[in-house]
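Single-structure report; data block below.
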Amino acid sequence: MRKEVIFAIIIGLALGGVILYGLQLANRSAKEAASATGTPGAVVAPATPTPAVESNLNIAEPLDHAVVNTATIKIRGKTLPASAIAIESEDDDVLLTVDSSGNFSTDFALTGGENLIKVSVLLPDKKTETIEISVVYSTVKLASPVPTGSTDTPVATDSQTLLEKTYEDVLQKAKDNVKQTEEVLDAKADRNRLVGYAGSITDIKQGVFSLDSRGTTLQVSYNTGTTIIKEGSVLKPELIALADGAIIIGNLTGPDIIGAKRVVIYKETVPKFSKKIIFSPIVKIDAKKKTLTLKVDDKNLEVALGKLLKFDLTTLTLDQKIFGIILTNIATNAVTLIQAKII
């Protein structure tokens, strides 16, 4: 009897070894095939995430795509101490020095419709960063919808369950609830605030049209409550045409989807002037002509001095640079330095 048991054990071990070897061989073959063909099951090394680049320039107000009813707004933000700030749009421009904590603030003039505002900072290490925001100035006041319902309010956990949990579990749950509530409130605030976008109409369907706004395609929905204006008169929705320029004021109802409250159709005009924020070395100084030659975008550019500039050309040297704003007359290509800080 003992011999039979021993014999059975030996046979079992042999069979187990054969099966184990076969499984290992099959598994290795499958991995090699998957690696060669890219089929599911291939072992792929996880991609190394690209670290987010932290900006040294933060704009606290206004929000991008904000809608306002005043001809001037407050631009407020923060950067590194000992930095300089240049802000420009079609209607206004200003050069600022930040305070000892890196804060800056200024009143800024707007023109009717969309205002593209560029804010640039010259950091202490002489590097620059730029943020562009869009603000729509509307003379018509539109109310944002009032948030309704309380379904997003966290529900208190049952007391008996709380007793059964450890302190760490309860604390983690509370943190999760707070985070979830903040995310919900942020999303709701985003949905309920008015936003403004400007662009060109690229596609029209019943109750919806597509708007190309600086390379971003938005879906704009409208209904009987939407006011559509063209040249000061109310326009019927069926008269909206492809390639029309339009300013949309409404609420975000989803990613890249706007529920329009007001649509203004406008005729695009060719600008007479363009502005540019620069940080450029001085190449030539001509005190008699009252001009400077600056290297802008790797090209030498002669600029006249604006009336508001107070510095004396005879005190400048070729090892200095200019951080400022230039104005170009598109018809004549004449360039004027209108804001400047000597670096």
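Nothing in this text is a laboratory measurement; each read-out follows from the coordinates by a stated rule. Predicted model, so just to flag it, every value in this text is computed and none were measured. Positions of Cβ are backbone-derived with ideal geometry, glycine not excepted, and every protein chain shown enters the neighbour counts.
Report the calculated FRET efficiency for Asp203 and Val270 (r = Cβ-Cβ distance, R0 = 35 Å), to the nearest 0.05.
0.85
Could you please rank Arg262, Arg214, placing first whichever residue has the fewest other Cβ atoms within 10 Å of its Cβ?
So the residues, fewest neighbours to most, are Arg214, Arg262.
Convert each backbone phi in region 263-275 into a coupling constant with the Karplus relation 6.51 cos²θ - 1.76 cosθ + 1.60 (shift: θ = phi - 60°), then list the ³J(HN,Hα) values in order as whole Hz, x for Gly and Pro.
The phi angles translate into 10, 10, 8, 10, 9, 5, 10, 7, x, 8, 9, 9, 10 Hz.
Amide H to amide H, which residues 5 or more places from Leu309 or on other chains are under 5 Å from it, using H placed in the peptide plane?
none
Within the set Lys127/Lys299; Lys276/Lys341; Lys127/Lys276; Lys118/Lys299, which residue pairs have Cα atoms separated by over 25 Å?
Checking Cα-Cα distances, every pair stays at or under 25 Å.
Using the basic label-point model (7 angstrom from Cα toward the beta carbon), what is the Asp312 to Arg76 distance in nanometres?
Reported label-point gap for Asp312 and Arg76 is 4.0 nm.
Quote the relative contact order of region 58-137 in percent (integer), defining contacts as alpha-carbon pairs under 8 Å separated by 6+ residues. Walk me through the numbers on the way to the answer.
Numbers: 189 pairs, mean separation 27.8, N = 80.
In percent, rounded to a whole number, it is 35.
Taking a ≥ b ≥ c as the square roots of the Cα gyration tensor eigenvalues, with a/c under 1.5 meaning rounded and otherwise prolate when a/b beats b/c, else oblate, which class fits region 294-335?
It is oblate, given that a/c is not under 1.5 and a/b is not larger than b/c.
So if I take the centroid of the Cα atoms in region 309-343 and the same for region 77-94, what is the distance between those two points in Å?
Measuring centre to centre over Cα atoms gives 16 Å.
For region 272-343, what relative contact order do you get, as a whole percent, if you take Cα pairs closer than 8 Å and at least 6 residues apart?
Across region 272-343, relative contact order equals 37 percent.
Using θ = phi - 60° and the Karplus curve 6.51 cos²θ - 1.76 cosθ + 1.60, what whole-Hz ³J(HN,Hα) does each residue of region 217-229 get, with Gly and Pro shown as x?
8, 10, 9, 10, 9, 9, 8, 5, x, 8, 8, 10, 10
Once you order the gyration tensor axes a ≥ b ≥ c over the Cα atoms, which shape class does region 198-343 get: rounded for a/c under 1.5, otherwise prolate or oblate by comparing a/b with b/c? Write down the numbers at each step before the final one.
Working: a/c = 3.77, a/b = 3.07, b/c = 1.23.
The shape class here is prolate.
Please give the contour-minus-distance gain from Asn300 to Arg214: 0.36 nm per residue of separation, less the Cα-Cα distance, rounded to one decimal in nm.
The span from Asn300 to Arg214 would gain 28.0 nm if fully extended.
Would you mind getting me the FRET efficiency between Lys289 and Thr97? Use the beta-carbon distance for r and R0 = 35 Å, nearest 0.05.
0.75
For a bin width of 10 Å, list the pair-distance distribution of region 273-342 built from all Cα-Cα distances, rounded to whole %.
21, 62, 16, 0
Below 8 Å, C-alpha to C-alpha, sequence gap of six or more: please give me the relative contact order for region 224-293 in percent.
With pairs under 8 Å counted, the relative contact order is 27 percent.
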